[in-house]
Amino acid sequence: MFPQFRCRSCLVVFAGSLVAGDSSVPVCPACGTPGCAIPGTDLAAGTRVGGYQIRDLLGHGGMGCVYLANQLSLQRDVALKILHPWLAADRECTERFLQEARVAAQLNHPNIVTIYEAREESGRLYLAMAYLRGSSLSEALHRDGSLGEKDALSLGLKCCKALAYAHGKLEILHRDIKPANIMLEDGLEPVLL
């Protein structure tokens with residue numbers, strides 16, 4: 001069974017074909033709008049998930065939706081990634097998600113996002129991580145065009161050092177390096193997601 005998507009632009013509903021590990025964003029077959037909604041997965045502002053209160057939808061992809069949320073116990077902003085329901089229902093996917101979160105939480109590097117918590121509550125599988133206020137490299141390239149040679153080399157070197165750190169410490173291979181998974185803070189300071 002494939003999930004149903006609803007286009008945010010023309011409101012057409014269509015069947016998707018996303019599977020575990022697919023990080024593509026659905027595109028409306030009628031109008032071509034990327035980033036269609038999945039009915040039942042967008043949570044309203046004010047919804048509580050564990051110790052977090054949803055403030056706004058930041059984005060979504062093949063694995064889940066990412067929200068700006070308030071961690072109630074510490075009164076801080078976090079990015080809360082909630083796995084799509086059909087993936088959270090798959091025991092193998094759930095175990096892999098939690099294991100990857102446990103491993104990633106052991107990393108402490110300025111160019112790797114900080115993981116705070118991962119758990120399942122009331123059928124929702126979620127991951128709380130540092131909220132990064134910048135934009136993704138993908139968004140920056142789309143908005144500003146290509147990077148200059150010096151900036152591209154600096155950004156690439158920092159990403160390579162972060163990947164080398166993760167591999168050297170825990171033998172982690174990222175397997176999904178792309179501009180959408182690199183956030184830029186303070187100008188061109190990359191943070192790997």
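Every number here is computed from the coordinates shown, using simple stated rules; none is lab data. Computed from a predicted structure; not experimentally measured.
Taking the DSSP bridge list for region 78-185 and keeping only pairs wholly inside it, about 100 percent are antiparallel. Restricting the calculation to Cα atoms, region 55-133 shows an Rg/Rh of 0.95 when the hydrodynamic-style radius is the Kirkwood one. Centroid-to-centroid, using Cα positions, region 136-184 and region 60-93 are 23 Å apart. Size check on region 36-193: the Cα extents along the three principal axes, sorted descending, read 48, 34, 31 Å. In plain terms, the bigger the Kirkwood radius, the slower the diffusion; for region 131-193, with that radius from Cα pairs, at 25 °C and 0.890 mPa s, Stokes-Einstein puts D at 202 µm²/s. Only lysines eight or more places from K150 in sequence, or on another chain, were considered; those with a Cα closer than 26 Å are K158, K161, K178.
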